[in-house]
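First the structure, in the form of structure tokens, and then the observations on it.
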Amino acid sequence: MKDIDIRRPRLEEKEELHQFFKIVVTDTHAREGLAYMTDAIDNEIEDKKKFLESDYSSNGENRYFLIALHKSMIIGTIEYALTGELINRCTNGALKGLFEIGTVFVHPDYQRQGVGNLLLNAMYHTLQDRGIKEFCLDSGYSNAQKIWKKKFGEPDYLIKDFWGEGYDHMIWRVKIADMLEK
Ligand SMILES: CC(C)(COP(=O)(O)OP(=O)(O)OC[C@H]1O[C@@H](n2cnc3c(N)ncnc32)[C@H](O)[C@@H]1OP(=O)(O)O)[C@@H](O)C(=O)NCCC(=O)NCCS
């Protein structure tokens with residue numbers, strides 16, 4: 001996909017980003033057959049808003065977002081921060097102190113066109129420039145799990161039925177050097 005800019009979010013883009021989170025979270029749940037889980041949808045949108053706020057208020061220190069734009073419209077996000085409560089709980093603290101990449105979101109109309117890979121590559125370089133050699137990433141969405149398995153291999157942690165019967169949670173621990181070689 002051509003003409004994609006990747007850069008830090010601006011304060012005046014807050015509302016557009018809130019809308020973007022809503023679009024992606026709602027669509028993702030619908031595609032997973034989970035549109036009825038309205039509380040989970042609302043909670044995830046609120047979590048993402050808090051993540052963004054944490055970036056703005058700490059100037060990228062506590063959480064660091066990058067966004068993708070096409071013709072000045074926001075079509076993707078990615079962020080990193082220290083591993084959060086969910087990963088720490090699922091791994092009994094084994095990954096504490098490592099960084100986690102999250103909010104890898106691409107607008108439904110732009111998925112499968114390489115935007116996710118562009119965001120990931122930009123984040124690999126950001127992390128590498130900061131001397132960070134590895135990261136973790138987790139997912140409870142079955143569609144995303146397929147994509148991450150293809151990219152990162154089998155998950156390092158698989159918590160069976162974490163979200164209910166048939167809904168597993170998966171966590172990967174990835175070396176950046178392995179990704180940049182590809
Ligand atoms: C997951 C997501 C970020 C991927 O972004 P994308 O722009 O669609 O992905 P890309 O086109 O860059 O493709 C990335 C890789 O996934 C593969 N891929 C993409 N969609 C796929 C699918 N439905 N099934 C299998 N592989 C797929 C591509 O072939 C590519 O593989 P490669 O790196 O080996 O070439 C995007 O689909 C998304 O936002 N999904 C909804 C939100 C979500 O679940 N986010 C992840 C939360 S953990």
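The values are calculated or read from the model by the stated rules, or taken from the named source; none is laboratory data. On a predicted model such as this, the values are computed, not experimentally measured, just so you know. Because the Cβ atoms are built from the backbone with ideal geometry, glycine has one as well, and the counts that use them run over all protein chains shown.
Quick notes on this one:
- Options 68, 94, 81; residue that is more than 16 Å from the ligand (Cβ to nearest atom), modelled with pLDDT of 95 or more and touching a strand residue (DSSP E or B) at 6+ places or on another chain (Cβ under 9 Å): 94
- Long-range neighbours under 9 Å by Cβ, at least six apart or interchain, first residue among the polar types (S, T, N, Q) within the range 105-134, second in a helix (DSSP H, G or I): 117/151; 121/179; 121/180; 128/176; 128/177; 128/180
- A search for C-beta distances below 8 Å between a residue of the range 11-32 that is closer than 11 Å to residue 141 by Cβ and any residue that is among the polar types (S, T, N, Q) and part of a helix (DSSP H, G or I), counting only pairs 6+ apart in sequence or on different chains, returns 28/143; 31/143; 32/142; 32/143.
- Residues considered: 4, 101. Of these, the only one that is touching a residue at least 12 places away in the same chain (Cβ under 8 Å) and within 20 Å of residue 135 (Cα to Cα) is 101.
- With respect to (1) at pLDDT 95 or above; (2) closer than 30 Å to residue 165 by Cα, the lone exception for residue 35 is condition (1).
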